[in-house]
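Asks: Questions regarding the structure given below will be posed in turn.
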Amino acid sequence: MAQLEQLEQSAAPGSEWWRTAVIYQIYPRSFADASGDGIGDLPGITSRLDDLKSLGVDAIWLSPFMTSPQKDAGYDVADYRDVDPLFGTLADFDEMLAQAHSRGIRVIVDLVPNHSSDQHAWFQEALKAAPGSPERARYVFRDGRGENGELPPNNWQSVFGGGMWERVTEADGTPGQWYLHIFDATQPDFDWTNEEVKEEFRSILRFWLDRGVDGFRVDVAHGMVKEAGLPDYAPVADADSMGGGEEYVPYWGQDGVHDIYRDWHQVLAEYDGDRALCGEAWLPTLSRTALWVRPDEMHQTFNFPYLMTPWDAQQLREVIRESLEEFGGVGAPSTWVLSNHDVVRHASRLALTADNPQGEGIGPKSEGKPDQVVGLSRARAATTLMLALPGSAYLYQGEELGLPEAMEIPDEFRQDPTWFRTNGERYGRDGCRVPLPWSADAPAFGFNDTGASWLPQPAEWATFAREVEEKDADSTLNLYRRLIELRRDRSLGTGSLVWEDAGADAVAFHRGDLHIVANLGEQPIELGEGVTFVVQSEPFAGTAVPPNAAAWFTRA
Ligand code: NOJ
């Protein structure tokens, strides 16, 4: 392969663990269920830590397990300092944390600061209090428009569908003010100009830091500050629902959010052990995304432009190049992520043949459903490429098994608020949240002992069960293990890459003597003489990388 250019791209210097870590996202309700009630829990996680150790990950991030009525699967927190009984107790959390640490696995918890549950004590107090009271000032209450305040204060539309305002009934029984909710009506937004809110969250950070967590994934880290005056705004039709689709939105990416993270940076700095903040911020460009990780703000932020990149070599080369430039420019590592609990699993997404905006999901009536074989090959190739990149990589539970999206969930099982708020127009995210298969022959595929499962598991998932994949040298699980181990042995999380030219349909580069190539085209890519493969995304003979495959190799 001729070298296109010798453009060295480096991750930033520094040895903090989060710069290079492979971080595994656990979605607690679907990981492992020790109680047998059909919803995963903290003791379930503890019981499976050895499996994560053998996968080789450096850290786990747990989606919310705090007290919650579960209207948005825990992203509606009623008590930030306790564990919901569904998931266990604080003692179960401490035990899980200690067990993870004893295995050298760090633990990041999810913090949801944009909104609380409507069952949070503060919101309940706000409902009882009068307009203009300090209780209401912790949230975004406004009088309605129209003669009798019967119209919402502005025209904003909720991410989950429908309007962004809900009207309350005042204590005297009359129709009253409206409150803002970017997401479900059960998720009222805090007012982040309020000093009490700021102080409360400093204290919540300290509560979990004192318990020993290694960091926080910060939910909706681009949404906490709204433009003053809350001006009307209508998104263009195809704007990404979580943000990221448009340059200017009065509730996404407002400058004021950065003050909050500078403040939190200081709180974390009071603690030893390189505690870290990772932002969930959906923004239209990488240059804006990089603002979240300036030296005095967050430590990491999710690289959603990378996640959203379609199976296209030119676009993928470009997003990698730009990521390293933009994050490197502010001294931060790039993160890399292909799947999470909000997007169609990449083993399905990368082979979709119709547009599928974030949050849409795939269901029985969707168009453009993927060819599963192509999807899995592309997913394995995409991960083979990703785990060779400098920076920190996030994995989402189940992708190490090659799980596809569950696309045939019957309507009556659906739980995502998106499904309800759009009257079934958008399927939402349940398809990527189905409980994991651990063994082929056990009830609920070993998710628990009882066979209960909060979302039905597709019958064909028996072939993806972890026990089955353990025994197959060529399984997706064993591919992930090999990639993670080699990534560590060769210190691929740090350093630079040098781009190579393997044709228009390839993404190719080298890291020292290790060459990486992914084939996103339709013709094999011949590598020529003297090649020794270190990893193949799936087994192939000869020296030509087939379509939808990737490889790591050395040359004589
Ligand atoms: C982003 C979370 O990842 C998603 O699952 C949730 O619905 C929204 N934020 C609201 O908290």
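The values are calculated or read from the model by the stated rules, or taken from the named source; none is laboratory data. This one's a predicted model, so the numbers in the text were calculated from it and none came from an experiment. Cβ coordinates were reconstructed from backbone atoms using ideal geometry, including for glycine residues, and neighbour counts include every protein chain displayed. We work out accessible area using only protein heavy atoms, side chains counted, and drop any ligands, DNA or RNA first. Shrake-Rupley method; radii C 1.70, N 1.55, O 1.52, S 1.80 Å.
Asks: Compute the helix-to-body angle for 476-489: its Cα long axis versus the longest principal axis of the chain, expressed 0 to 90° and rounded to tens.
Replies: With rounding to tens, the tilt is 80 degrees.
Asks: Additional query: On a 32 Å Cα-Cα criterion, which of the cross-link pairs K53/K369; K226/K365; K128/K226 come out too long? Intermediate values should be presented prior to the final figure.
Replies: Working: K53/K369 34 Å; K226/K365 36 Å; K128/K226 25 Å.
Pairs exceeding the cut-off: K53/K369; K226/K365.
Asks: Once every Cα of region 72-214 carries one equal point scatterer and solvent is ignored, give the base-10 log of I(q)/I(0) from the Debye formula at q = 0.12, 0.13 Å⁻¹, two decimals.
Replies: Values, matching the q order: -0.57, -0.65.
Asks: Still on this structure: Could you give the radius of gyration (one decimal) and Dmax (whole number) of the Cα atoms in region 468-510, in Å?
Replies: 14.1, 38
Asks: Where in region 484-512 is the amide nitrogen less than 11 Å from a point lying 7 Å along the Cα-to-Cβ axis of Q314?
Replies: 504-505
Asks: I've got another one for you. Taking amide H positions as placed 1.01 Å from N in the peptide plane, with prolines and chain starts having none, which residues 5 or more places from T494, or on another chain, fall under 5 Å of its amide H?
Replies: Those lying under 5 Å, H to H, from T494 are G391.
Asks: Convert each backbone phi in region 152-163 into a coupling constant with the Karplus relation 6.51 cos²θ - 1.76 cosθ + 1.60 (shift: θ = phi - 60°), then list the ³J(HN,Hα) values in order as whole Hz, x for Gly and Pro.
Replies: x, x, 8, 9, 5, 10, 5, 4, 8, x, x, x
Asks: Normalised radius of gyration for region 380-454, please: alpha carbon Rg relative to 2.2 N^0.38 Å, two decimal places.
Replies: Taking N as the residue count of region 380-454, the ratio is 1.38.
Asks: Would you please state the base-10 log of I(q)/I(0) at q = 0.26, 0.29 1/Å for region 419-469, with intensities from the Debye formula using one equal scatterer on every alpha carbon?
Replies: Here log10 of I(q) over I(0) equals -0.90, -1.05.
Asks: By how many degrees, 0 to 90 and rounded to 10, does the Cα axis of helix 195-211 deviate from the longest principal axis of the chain?
Replies: Approximately 50 degrees, to the nearest ten.
Asks: To continue, here is another question. In whole percent, how big is the carbon plus sulfur part of the accessible area of the chain, probe 1.4 Å, protein atoms only?
Replies: Heavy-atom surface of the chain belonging to carbon and sulfur, 1.4 Å probe: 49 percent.
Asks: When averaged across all projection directions, what area in nm² does the alpha-carbon convex hull of region 294-358 cover?
Replies: For region 294-358, the mean projected area of the Cα convex hull comes to 4.8 nm².
Asks: Going through region 477-556, which chymotrypsin sites (Phe, Trp or Tyr not before Pro) have at most 14 other Cβ atoms within 10 Å and a DSSP loop state?
Replies: Of the chymotrypsin sites (Phe, Trp or Tyr not before Pro), the ones in loops of region 477-556 whose Cβ has at most 14 other Cβ atoms within 10 Å are F540.
Asks: Amide H of N340: which non-local residues (sequence gap of 5 or more, or other chain) have their own amide H closer than 5 Å, using H built in the peptide plane?
Replies: none
Asks: Lys and Arg at +1, Asp and Glu at -1: add these up for the other residues within a Cβ distance under 9 Å of H181 and post the number.
Replies: Result for the neighbourhood of H181: -4.
Asks: Determine the equivalent ellipsoid of region 171-235 by diagonalising the alpha-carbon gyration tensor, then write out the semi-axes as square roots of 5 times the eigenvalues, largest first, rounded to whole Å.
Replies: 28, 17, 12
Asks: Let me spell out the model: positive unit charges on the Cβ of Lys and Arg, negative unit charges on the Cβ of Asp and Glu, origin at the Cα centre of region 499-555. What dipole size does that give, in debye rounded to 20?
Replies: So the dipole magnitude of region 499-555 works out to roughly 180 debye.
Asks: With angles folded into 0 to 90 degrees, how steeply does helix 372-386 sit against the dominant principal axis of the chain? Use alpha carbons for both and round to 10.
Replies: 90 degrees
Asks: Let me ask another. Considering just Cα atoms, how many Å³ per residue does the convex hull of region 246-347 enclose?
Replies: 117 Å³
Asks: Can you tell me the accessible area per residue over the chain, all protein chains present, probe 1.4 angstrom, in square angstrom?
Replies: 36 Å²
Asks: When Rg is the radius of gyration of the Cα atoms in region 328-403 and Rh is its Kirkwood radius, what does Rg/Rh come to?
Replies: 1.02
Asks: Over the Cα atoms of the chain, how large are the radius of gyration and the largest Cα-Cα distance (Dmax), in Å?
Replies: 23.3, 83
Asks: Taking the Cα atoms of region 499-555, what is the range of coordinates along each of the three principal axes, in descending order and whole Å?
Replies: The Cα atoms of region 499-555 stretch 28, 24, 19 Å along their principal axes.
Asks: Let me see the P(r) profile for region 121-180: every Cα-Cα distance counted, bins of 10 Å, each bin given as a percent of all pairs.
Replies: Over region 121-180, the share of Cα pairs per 10 Å bin runs 24, 52, 24, 0 percent.
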